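Engineer: Structure below; questions to follow.
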Amino acid sequence: MAGQGDVAGVTDRVPEVPGEAGEEAARKVLDEVGDPTQGEVQLPNRPESARLARRLAHSVLQLRWALPLSLTDNAVLLVSELVGNAVRHTGAHTFGLRMMRRSGWVRVEVRDPSRGLPCLLPVHELDTSGRGLFLVDTLSDRWGVDLLPCGKTTWFEMRVTDH
């Protein structure tokens, strides 16, 4: 994949600016890091990777698939939550991001080498953390975890209206 060896450096260069400059940056990030619709994109286990994953997801959802902005915003938030969990809880050197679209659905997967299962915890009004899976459960139509021989894939799916 193009730029695969420079993934860590790309996280520092990806702006989160909407508009024309943001569209050019979105195209550039897909070219430099890889397209998660074409195969799994490997990201470094760094907090900055959540930003990169958000840019990748936004690029795909808006530029490639032209989905409604409200769905894009929710999906980007959920990508950030799954990536944040992978960064905080897995101890992996890298993790993978993949996005798929089929009739009526969008699916996002984050794969990591840990077999530790994420837990959906009760959320209380004053909680300052632990809301990630609550958001995934609330904003997605379905989500789950697939155990693999060496790790797991945490995924969510959202319904989309095909035109």
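The values are calculated or read from the model by the stated rules, or taken from the named source; none is laboratory data. All of these numbers come straight from a predicted model, not from anything done at the bench. Only protein heavy atoms, including side chains, enter the accessible area calculation; ligands, DNA and RNA are left aside. Shrake-Rupley method; radii C 1.70, N 1.55, O 1.52, S 1.80 Å.
Engineer: P(r) for the range 26-78: what percent of alpha-carbon pairs falls in each 10 Å bin, starting at zero?
Structural biologist: The distribution over the range 26-78 is 25, 57, 17, given as percents.
Engineer: Just the accessible area for Glu24, please: 1.4 Å probe, Å², rounded to the nearest 10?
Structural biologist: Number for this one is 110 Å².
Engineer: Let me know the Rg and Dmax you get for the range 38-163 when you use only its Cα atoms, in Å.
Structural biologist: 14.0, 41
Engineer: Across the range 100-115, in residue order, what do the Karplus-derived ³J(HN,Hα) couplings come to in whole Hz, using 6.51 cos²θ - 1.76 cosθ + 1.60 with θ = phi - 60° and x for Gly and Pro?
Structural biologist: For the range 100-115, the Karplus-derived couplings read 9, 10, 9, 3, x, 9, 10, 10, 10, 10, 10, 10, 9, x, 8, 9 Hz, x marking Gly and Pro.
Engineer: Round to a whole number: what % of the accessible area of the range 62-157 belongs to carbon and sulfur, probe 1.4 Å?
Structural biologist: After summing per-atom areas, the C and S share lands at 54 percent.
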